[in-house]
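The values are calculated or read from the model by the stated rules, or taken from the named source; none is laboratory data. Everything quoted here is computed from the prediction, not taken from an experiment. Cβ atoms come from the backbone with ideal geometry, glycine included; neighbour counts cover every protein chain shown.
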Amino acid sequence: MPTFVPPVDDERDALLSYLAQQRDALRLAAYGLTDAQAMSAPTRSPLSIAGIVAHLTAVEGFWIDRVLGGRTEDGDGDRDRFPDGSTVAEGETLDVLLARYADRAAATESAVSRVADLGDPVPVPHEIPWLPRNVDAWSVRWVLLHLITETARHAGHADLVREQLDGARARPLMAAAEGWPEEGRVRPWRPGSS
């Protein structure tokens, strides 16, 4: 979970690398949480870290299905509605949600690797009322940039929710997740240490 994206080879690598970095930021906000903590919404907002993970998994799947021409990776066909996805089913755990998110990330990278040109058109889903009516298609490039900004926005929300839950912040969480030494400038997070 590096703070900075490593050097990139080309535009496709850059877009996927920055998307991966933002996904890592979200996973970092979830690091070390119990299922109850992940499902809780500790602010006036209904946002929970589990709900954010579920939402971003659904949104990424929706857009990548569009990139594939409405086909899902598993052949289920086009989705008829834009997913909210922030509702977590009873009995789902944070581990299950994070595994689903990792699977979605792998499917996205696979799909994007098969796209010949990042300028290929992706039809605007006009059935979604808040999307513009005067645009017929965006490019695969646009979709990836949209996913980066959507993921970054919600990773920031997750940081705030996490800090409200137990006071944990990104650098100590990263130090804990990566096993940084205790004597460093940033002390690794531990449950109850924030």
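When residues of segment 38-49 are filtered for being surrounded by 19 or more Cβ atoms within 10 Å (Cβ to Cβ) and either among the polar types (S, T, N, Q) or under 18 Å from residue 193 (Cα atoms) (or both), how many remain? So the answer is 2. The residue list 116, 175, 137 contains one member that is of a type outside the set (Val, Ile, Thr) and surrounded by 17 or more Cβ atoms within 10 Å (Cβ to Cβ), which is 175.
Can you tell me which residues in segment 1-33 are without any contact (Cβ under 8 Å) to a residue 40 or more places away in the chain and either surrounded by 20 or more Cβ atoms within 10 Å (Cβ to Cβ) or part of a loop (DSSP other than H, G, I, E, B) (or both)? Residues satisfying the conditions are 2, 4, 5, 6, 7, 8, 9, 10.
Residues are listed down the side, and each one gets a yes or a no for (1) at pLDDT below 95; (2) under 19 Å from residue 13 (Cβ atoms); (3) more than 14 Å from the chain's Cα centre (by Cα):
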position	(1), (2), (3)
84	yes, no, no
89	yes, no, yes
96	no, no, yes
106	no, yes, no
109	no, yes, no
122	no, no, yes
130	yes, no, yes
146	no, yes, no
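The set of residues in segment 114-152 being touching a residue at least 24 places away in the same chain (Cβ under 8 Å), in a helix (DSSP H, G or I) and more than 21 Å from residue 54 (Cα to Cα) consists of 140, 141.
Among the residues of segment 153-194, the ones that are closer than 30 Å to residue 69 by Cβ and touching a residue at least 40 places away in the same chain (Cβ under 8 Å) come to 2 in all.
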